[in-house]
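Structure first, commentary second.
The values are calculated or read from the model by the stated rules, or taken from the named source; none is laboratory data. On a predicted model such as this, the values are computed, not experimentally measured, just so you know. Positions of Cβ are generated from backbone atoms using ideal geometry, with glycine treated the same way; all protein chains shown enter the neighbour counts. Ligands, DNA and RNA are excluded from the accessible area calculation, which covers all protein heavy atoms including side chains. Shrake-Rupley method; radii C 1.70, N 1.55, O 1.52, S 1.80 Å.
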Amino acid sequence: MIPNSYDYEYLKEKSKEKVTDYDFEEDTPVILSVSRLAKVKNIDLLINAHAILKKNGIKQRLLIVGDGEYRKNLEDLCKRLNVENSVTFLGKKNNPYPYFIKSDIFVSASYIEGFSLTGIEAMALKVALIATDLPNACATLIKNHETGLIVANNSLIELKNAIEYFLIHRKEKIVMEKKAYEKVQQYEIHNLNQIILKFFQEVFIS
């Protein structure tokens, strides 16, 4: 099986683009979701976790990049939870990478998911990753509490606790980000090409 891959030089270059439609405040952590806005992506769970943290006095904002048929439902949920001023929907972006590098935590809360390219990209850009425990998805990239945090599928409490952990334990977060970056080097397109080339050379030469 040949997995998803990324081009690090491309990500690095695209991430330099200036953000003009969102104000990243230095003293306020940003939790990021980049996803199609569909029920299966379970962004409801992330909004609820954000609302609990806010109610508990933990300063953070939620940034949602992407669009889809479930957007109105999510916006209505924000209003019901009184977090419409701390949750921002930016819609679909052709280049989401500047938002990655300016955010503190990337969350994949889906309850059904394939092998995630956005998860790989978050790790490659050294953004702390939290993902639900699904087979063949983001969780396969993570060694829990070493390269990111894994939470039980559809568990509001575990997701809230994981976000809170990263917000409080800043040194541990930085260590995990560095280890995650090292972990996903195997998916970098140039490294992956070398692995594939070596495989075929061994198969055909032997």
Revision key, fill the gap. Those residues of region 126-152 that are out of contact with any Gly (no Cβ under 8 Å at 6 or more places or on another chain) and either assigned to a loop (DSSP other than H, G, I, E, B) or without any contact (Cβ under 8 Å) to a residue 60 or more places away in the chain (or both) come to a total of 17
Check your understanding: Among (1) closer than 23 Å to His169 by Cα; (2) open to solvent by less than 30 Å² (accessible area, probe 1.4 Å), where does Glu26 come up short?
Key -> (2)
**Study point:** Unmet criterion (only one of (1) in contact with a His (Cβ under 9 Å, 6 or more places away or on another chain); (2) closer than 17 Å to Lys14 by Cβ) for Leu62
**Key:** (2)
Practice item. Search region 44-55 for residues being open to solvent by 20 Å² or more (accessible area, probe 1.4 Å) and without any contact (Cβ under 8 Å) to a residue 60 or more places away in the chain, and hand back the single one that is farthest from Phe89 (Cα to Cα). Key: Lys55
Revision key, fill the gap. Per the filter on region 153-183, residues outside any helix (DSSP H, G or I) and at pLDDT below 95 are Asn153, Asn154
Exercise for review: Can you tell me which residue among Lys126, Lys160, Lys92 is of a type in the set (Lys, Arg), in contact with a Phe, Trp or Tyr (Cβ under 8 Å, 6 or more places away or on another chain) and open to solvent by 20 Å² or more (accessible area, probe 1.4 Å)?
Suggested key: Lys126
Practice item. Output the number of residues of region 67-85 satisfying the condition of being open to solvent by less than 10 Å² (accessible area, probe 1.4 Å) and either over 18 Å from Thr28 (Cβ atoms) or under 18 Å from the mean Cα position of the chain (by Cα) (or both). Key: 1
